[in-house]
Amino acid sequence: DRNDLKGVRLPAEFKAFRWAMAHAPPLSADLTSHGQRVLVARGGLGGMGNPHFISTEDRQPHYALRGLAGQTRVLDLELKTIADVGLVGMPNAGKSTFLRAVSNAHPKVAAYPFTTLNPYIGTITYDDAAQITMADIPGLVPGAHRNVGLGHAFLRHVERSRVLVFVVDVSRPEPWRDLQMLRDELDLYRSGLSARPSLVVCNKADAGDIARRNFEAWRLIAPDLNLVPVSAMLGKNIRKATHAVRQMLDSICVGRT
């Protein structure tokens, strides 16, 4: 109960402050709503002059407390993109092309394999003037949940989306395996993430007979799956996909009222 000041007993508030500083837990906070606040660092405690230590035994104390310094923290801040809809897919599946086709966003697109390095957010405006936001999440690769290919930097943006749109290249061999890989990576990153309302956009449906055969086989394998064949590059069947997304979002809003 005593400190270095010639055996002076520390005030209770000093001891409590020092204990709180020594036992401060690691800070982790998720700010999800407007006006939400969190205390990240505690200020210091003011000092006490010698009049504070006057007692019946010592009417003129010659000591004081300078006070205690406040808390110092190094913060690691993460921005999670907030969009109504998140586009999830492998690199070169056509997510950026799809976003360009349905919204006012202009992410880079090319005829060679590459992945978007930063999320793009576009706004879709419907005929009744309603608007939704859609984010092009950078492409996921196997092992993304282990941070392979900057996986964590990409996956964190999916967490805020209310609806997921899986964009799959239907011209690839067994494209349903690509969808399963994407869902597995989401769930390994955060359990249940892939269970959110979702739509599967079967992109590159214009890529000849192989794409058509894959789509027909997929419908037989998973008759209950919400599949929409599109050609983002040619703008074919885009309205059907955006209408399905709007219906899912409207259903979520109705369910919350």
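The values are calculated or read from the model by the stated rules, or taken from the named source; none is laboratory data. Remember, predicted model here, so these are calculated numbers, not experimental data. All Cβ positions, glycine included, derive from the backbone under ideal geometry; neighbour counts span all protein chains shown. Just the protein is used for accessible areas: all its heavy atoms, side chains included, with ligands, DNA and RNA removed. Shrake-Rupley method; radii C 1.70, N 1.55, O 1.52, S 1.80 Å.
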### Query
Restricting the search to region 76-85, which residues are at pLDDT 75 or above and either over 30 Å from Ser103 (Cα atoms) or open to solvent by 50 Å² or more (accessible area, probe 1.4 Å) (or both)?
Asp76, Leu77
### Considering residues of region 51-75 that are in contact with a strand residue (DSSP E or B) (Cβ under 7 Å, 6 or more places away or on another chain) and at pLDDT below 80 only, the residue least open to solvent (accessible area, probe 1.4 Å)
Leu65
### Query
Taking Leu45 and the conditions (1) under 35 Å from the mean Cα position of the chain (by Cα); (2) at negative phi, which numbered condition does it fall short on, given that it satisfies the others?
(1)
### Message
Please verify whether Leu10 is surrounded by 10 or more Cβ atoms within 10 Å (Cβ to Cβ) and in contact with an Asp or Glu (Cβ under 8 Å, 6 or more places away or on another chain), treating the condition exactly as stated.
### Response
yes
### Message
Can you tell me which residue is modelled with the highest pLDDT among those in region 115-157 that are out of contact with any strand residue (DSSP E or B) (no Cβ under 7 Å at 6 or more places or on another chain), open to solvent by less than 10 Å² (accessible area, probe 1.4 Å) and outside any helix (DSSP H, G or I)?
### Response
Pro138
### Criterion: charged (D, E, K, R) and buried (at least 21 other Cβ atoms within 10 Å of the Cβ) - qualifying residue of Lys240, Lys204
Lys204
### Message
Looking for something in a strand (DSSP E or B) and among the small types (Gly, Ala, Ser) - is there at least one such residue anywhere in region 78-95?
### Response
yes
### Query
Does at least one position in region 217-234 carry a residue that is in a helix (DSSP H, G or I) and surrounded by 17 or more Cβ atoms within 10 Å (Cβ to Cβ)?
yes
#### Entry: Test for Gln247: is it under 17 Å from Met134 (Cβ atoms), open to solvent by 30 Å² or more (accessible area, probe 1.4 Å) and assigned to a helix (DSSP H, G or I)
yes
### Lone unmet requirement of (1) at pLDDT below 85; (2) part of a loop (DSSP other than H, G, I, E, B) for Val40
(1)
